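Shown next, in C-alpha cells, is the structure this report addresses.
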Amino acid sequence: MNEFNRPPLVILTGPTAVGKTGLSVALAQRIGGEIVSADSMQVYRHMDIGSAKIRPEQMQGVPHHLIDIMEPTDEFNVTIFQKLAGQAVSDILKRGRIPVIVGGTGFYIQALVYDVDFTEGGDDTALRDELADIARTQGNEVLYERLRRIDPESCNVIHANNVKRVIRAIEFYEKTGERISEHNASQRRKASPFHFAYFVLHEDRERLYDRINARVDAMIEAGLVEEVRRLADMGCTADMVSMQGLGYKEILEYLNGECTLEDAVYRIKRDTRHFAKRQLTWFRRERDTIWLDRQECGGEDGRILDRIIHILQEKGIADDTQRVQTGS
RNA sequence: GGUGACUUAGCCAAGUGGUAAGGCCCCGGUCUGCAACACCGUCAUCGCCGGUUCAAAUCCGGCAGUCACCU
C-alpha cells in the first residue's frame with residue numbers, strides 16, 4: 001500500500017501533559033488503529049494516578065497494548081519494551097490495522113522505530129557492581145580512564161560523572177569486544193523498517209508548565225498519596241525501577257517521613273517540568289519528526305487531528321476509506 | 001520626627017581592600033539494556049552618586065529604599 005513497501009507506523013508523542021492521550025484515541029478511531037503505549041511507567045499495574053494512565057472507559061473500544069503488563073516489583077527496560085512492542089505492532093499489522101505508538105518515552109520509541117540492536121547477553125550484575133565499586137571507592141575519573149583506554153571515542157560523548165553510562169560502555173566492550181561508540185554509530189545509520197509518521201505534539205512552554213502544575217494538584221486530589229501507600233504496602237521500595245517514576249519517589253519519601261507533603265508536591269511539579277524539557281530536547285534531535293503546535297490549531301484537538309490525517313494521507317499511511325469509517 | 005540595622009543575579013546566600021563561593025529557578029544540551037533514569041553547560045560586577053586608594057562589593061560621605069525600636 002505504501003510507496004516503500006514497508007509497514008506503516010504512526011507515532012504520537014510530545015512532552016508530558018500536552019494531551020497525547022486524548023488525541024490518541026480519536027486518532028486511532030479515525031484511521032482504524034490500535035494503540036501501543038510507549039511509556040515506561042504505564043506498563044505497571046497499580047500505578048494509575050501518578051502515571052496519568054488512560055482509564056478503560058476513555059479507551060472507547062480502541063485496543064491498547066503495553067499498559068498494565070508488569071507488576072511494580074518487576075523490572076522493565078528498553079529491551080523488553082522493544083520485544084513486546086514489536087510483537088504488538090506486527091500483530092496489529094496482521095489484523096490489517098494501523099499501529100499507533102503513543103507515549104513520551106523517546107528512548108523506547110527510538111528503539112522500536114529504528115529497530116536498534118541491543119542484543120548482547122543478559123544481565124551481569126557482577127561486572128556492573130564491580131565497576132560501580134571502582135567509581136565509588138576510587139573516583140569517577142579512575143573508571144573514566146579505564147573507558148578511555150578501551151574506547152576513547154565514548155569519552156567524547158559521555159561525561160566522567162555519568163557513571164551509569166560509563167559503566168555501560170565498559171560493560172559493552174567487555175562482553176562483546178566491540179566498542180559501544182562504534183556500535184552506536186552504526187545503529188544510528190540504520191534506516192527504519194517502517195514507513196512512519198512521527199508526530200510531536202507541543203505547545204507554549206508557559207502553558208505546558210501550567211498544565212503540569214495543575215495536573216499534579218489533580219493527582220494529589222485524586223488520591224496519589226493513597227496509591228503510593230498501597231504500593232508501599234505491597235512491598236515496593238525506592239530502589240525499584242517503578243518507584244523512580246515521577247510522583248512515586250517523592251510521595252514515598254513523604255510517607256517515610258523524610259519530607260513534608262508540600263515539599264514533595266513542589267518537587268513533583270518541578271521535576272515534571274524538567275522532565276518535559278528533557279523530552280523536548282530529545283524530540284528536537286530525533287530525525288524526521290513532524291511538530292504539531294497546539295496554539296496554531298487554536299488548541300482544538302479536532303483541528304490537530306485533521307492536520308494529522310491530512311499528513312498521513314499524503315504519506316500514504318492512512319487512506320480515504322478508513323477515514324470515511326468514522327468521519328462526520 | 002529620632003535612633004539603629006540592612007540593601008550582592010528571578011529567589012536564598014557567602015564574601016570586610018586585590019579583581020564576585022554555593023544552592024534553587026529559568027534557559028540550552030547529552031543520551032542506543034535502569035531513560036519519569038543518569039549526566040553536562042550557560043546565567044550578576046555587588047541600591048544610586050561622589051570620595052580615599054595603584055586597587056573597593058568590601059573604607060568614608062551623601063541620597064534612596066526596607067525593617068526594627070522610640071517620641
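Structure notes:
- Stretchable slack from residue A:207 to residue A:291, in nm (0.36 nm times residue separation minus alpha-carbon distance): 28.6 nm
- Most to least packed among A:133-146, A:305-318, A:31-44 [average Cβ atoms within 10 Å]: A:31-44, A:305-318, A:133-146
- Pairwise Cα distances in segment A:125-188 exceed 18 Å for 27 percent of all pairs.
- Residues whose placed amide H lies under 5 Å from that of residue A:34, excluding near-sequence neighbours: A:98, A:100
- Mean separation of Cα contacts under 8 Å (6+ apart) over length of segment A:125-188, as relative contact order %: 29 percent
- In order along segment A:187-201, phi translates into HN-Hα couplings of 5, 5, 7, 4, 8, 6, x, 10, 9, 10, 10, 9, 8, 10, 8 Hz, rounded to whole numbers, per the Karplus curve 6.51 cos²θ - 1.76 cosθ + 1.60 with θ = phi - 60° and x for Gly and Pro.
- Once both labels are positioned 7 Å from their Cα atoms along Cα-to-Cβ, the gap between residue A:238 and residue A:74 label points is 2.6 nm.
- Whole-percent pair-distance distribution, where bins are 20 Å wide, for the alpha carbons of chain A: 28, 57, 15, 0
- At R0 = 41 Å, FRET efficiency that the Cβ-Cβ distance of residue A:185 and residue A:300 yields, to 0.05: 0.45
- Cα-projected label distance for residue A:271 with residue A:149, points at 7 Å along beta-carbon direction, nm: 3.7 nm
- Pairwise label distance in nanometres, residue A:217 with residue A:307, each label 7 Å out on the Cα-Cβ vector: 2.8 nm
- Sum of side-chain charges, residue A:131 neighbourhood, beta-carbon under 11 Å (Lys, Arg +1; Asp, Glu -1): -1
Read-outs throughout are calculated quantities, based only on the coordinates presented, and are distinct from any laboratory measurement. Computed from a predicted model, the values in this text were never measured in an experiment. Cβ: placed from backbone, ideal geometry, glycine included. Neighbour counts: every protein chain shown.
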